[in-house]
Amino acid sequence: MAEAVFYLSRTKSLIVITVQLVSAVMILMLSTLTASQMVWSTLYFLLIVAALLYHQVIHNKEKEARLSNEALIEEYRRMKRQLLVEEQQARQDERMLIGHEIHDSVGHKLTALLFQFEAFRLTAAEKDKETVGKLKDLAEQSLEETRQAVRSLKQREVGGLQGVIQLIRKLEIESFMKINFSVKHGAFAAPLTGEQSFAIYRAVQEALTNIMKHSSTREAQVNFESPGGSIFRFEVINAATHDRYFQEGYGLKAMRERLEKVSGTLEIDYVAHRFLVRGTIRLADWGGSDD
C-alpha cells in the first residue's frame with residue numbers, strides 16, 4: 001500500500017487502498033477477534049491509510065514545488081543569457097556606429113587631404129616636394145591607422161580582460177561554475193597589445209574549458225597581476241587529485257605556442273591537490289622601450 005501511494009497517482013492509489021480495505025474487513029469478519037480488538041485493528045489500519053495519504057499530498061506538493069523551482073531557474077538562466085546577448089549586441093551596435101562615424105568623417109577627410117597633397121606635390125617647387133611627400137606619407141599612415149581602428153571596432157569577438165570577465169559570467173550562469181576572480185598589481189592598467197590581450201583571453205578560455213571537461217570539481221581561481229609593470233601574469237588554478245595521469249594535450253600546446261608568439265611563456269604546475277596553469281607575457285613598452 002505504501003508503494004502504491006508513493007509511485008501511483010491519487011486515483012490508482014485509492015483503488016489499491018480500497019481493495020486492501022475490503023480485504024482487511026473480510027479478514028476481520030472471518031477472524032475470532034473480540035470486539036475491542038476489531039475496533040483497535042480497524043482504527044490502526046485507518047490511521048495508516050490517513051498517514052499514507054497525507055504523505056502522498058506532501059510528496060506531490062514537494063514535487064510540484066521542485067518542478068516549479070527548476071522552471072524558474074531555467075527561466076532565470078534564459079533571461080540572463082538573453083540579457084547578455086542583448087548587452088553584447090548593444091555594445092556591438094555602438095561600436096559599429098562609432099566605426100561608421102570615424103570612417104565617414106575622419107577617413108573621408110584624410111582621403112581628401114591625400115588627394116590635395118598629391119595635387120600640390122605635382123605643382124610644387126622642387127625644394128618643397130620632399131616636405132610635401134613627408135606630409136603625404138604621414139597622412140597615409142594616419143588613414144591606415146584609422147582603418148585599423150575601424151576594423152577593430154567592427155570585430156564581434158571580444159578578447160582581453162573584458163572578454164575574460166564575460167567568459168566567467170557565462171560559465172557561472174550556464175555551467176554553474178564557481179570562479180574566484182582576482183585582479184591585483186595594476187593588471188587592468190597593463191599596456192597590453194591587441195594580440196597579447198587576445199592570447200590571454202584564449203589561454204584562460206582553454207584552461208577553464210579543460211577544468212569543465214576533466215576536473216571533478218566546478219570551482220576555479222583566476223588571478224591577473226602585473227608586478228612592477230614589467231610583465232603581465234595570469235593563473236588558472238583548480239583542485240585536482242594527485243594520482244591522476246597527466247599529459248599535455250593539443251589544447252595546452254596550442255596555448256603555449258600562442259603565448260610564445262606574443263613574447264610569453266606557459267607553465268604547468270601539477271602537484272598534490274592542485275593543477276595550475278600560469279602564463280607570463282613581457283610588456284613591450286616597459287621602461288619606455290618598444291623592443
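Give the accessible surface of the chain per residue, rounded to a whole number of Å², with probe radius 1.4 Å and ligands, DNA and RNA excluded. Don't skip to the end; give the middle numbers.
Values: 19160 Å² over 291 residues.
On a per-residue basis, the chain sits at 66 Å².
For the pair residue 57 and residue 15, how long in nm is the line joining their label points, each one 7 Å along Cα→Cβ?
Label at residue 57, label at residue 15, 2.3 nm between them.
At a probe radius of 1.4 Å, what is the per-residue accessible area of residue 57, in Å² to the nearest 10?
In the full protein context, residue 57 sits at about 50 Å².
Label residue 44 and residue 27 with points 7 Å out from Cα along Cα→Cβ: what is the distance between them in nm?
Going from the residue 44 label point to the residue 27 one covers 1.1 nm.
Each label point is 7 Å from the Cα along the Cα-to-Cβ direction; what then is the distance between the points at residue 217 and residue 108, in nm?
5.8 nm
Roughly what angle does helix 35-102 make with the longest principal axis of the chain, taking Cα atoms, 0 to 90 degrees, to the nearest 10?
Roughly 10 degrees between the two axes.
Quick one: in the chain, what % of C-alpha pairs are over 27 Å apart?
Values: 28096 of 42195 pairs.
Summing the P(r) tail past 27 Å for the chain gives 67 percent.
Ignoring ligands, DNA and RNA, please state the percent of accessible area on the chain from carbon and sulfur, probe 1.4 Å.
That fraction is 58 percent.
Quick check: the angle from helix 108-123's long axis to the longest principal axis of the chain, C-alpha only, nearest 10 degrees?
So the helix axis and the longest Cα principal axis differ by about 20 degrees.
The values are calculated or read from the model by the stated rules, or taken from the named source; none is laboratory data. All of these numbers come straight from a predicted model, not from anything done at the bench. Neighbour counts are summed over all protein chains in view; Cβ atoms, including those assigned to glycine, are modelled from backbone coordinates with ideal geometry. To get the accessible areas, we keep the full protein, side chains included, count just its heavy atoms, and leave off ligands, DNA and RNA. Shrake-Rupley method; radii C 1.70, N 1.55, O 1.52, S 1.80 Å.
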